[in-house]
1. Name the residues in segment 38-52 that are surrounded by 11 or more Cβ atoms within 10 Å (Cβ to Cβ), modelled with pLDDT under 90 and touching a strand residue (DSSP E or B) at 6+ places or on another chain (Cβ under 8 Å), would you?
2. Across segment 27-73, what is the number of residues that are assigned to a loop (DSSP other than H, G, I, E, B), free of Cβ contacts under 8 Å to residues at least 12 places away in the same chain and closer than 23 Å to residue 14 by Cβ?
3. Could you check, for segment 1-16, whether at least one of its residues is outside any helix (DSSP H, G or I) and touching a strand residue (DSSP E or B) at 6+ places or on another chain (Cβ under 6 Å)?
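The values are calculated or read from the model by the stated rules, or taken from the named source; none is laboratory data. All values derive from a computational prediction rather than experimental measurement. Here Cβ is always computed from backbone atoms with ideal geometry, including for glycine, and neighbour counts include all displayed protein chains.
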């Protein structure tokens with residue numbers, strides 16, 4: 001999974017912020033509670049205003065990320 005996420009992060013550098021969260025850390029526990037996720041990995045895409053657009057549990061779909069990014073050009 002890490003190579004896929006690293007590739008997405010590199011491809012959209014400067015346009016997409018990838019935030020890795022350890023849900024065992026206090027900050028991660030806070031974010032997990034705030035955004036309502038318990039399973040990892042969980043991928044949540046937000047628009048530029050912080051509104052959740054979609055989420056994915058488990059494997060991330062690179063094509064869906066591409067479509068999301070194209071819609072915000």
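1. 47 - this is the single residue of segment 38-52 that is surrounded by 11 or more Cβ atoms within 10 Å (Cβ to Cβ), modelled with pLDDT under 90 and touching a strand residue (DSSP E or B) at 6+ places or on another chain (Cβ under 8 Å).
2. 6
3. So in segment 1-16, the residues outside any helix (DSSP H, G or I) come out as 1, 12-16.
Of the ones still in play, those that are also touching a strand residue (DSSP E or B) at 6+ places or on another chain (Cβ under 6 Å) are none.
No, segment 1-16 contains no residue that is outside any helix (DSSP H, G or I) and touching a strand residue (DSSP E or B) at 6+ places or on another chain (Cβ under 6 Å).
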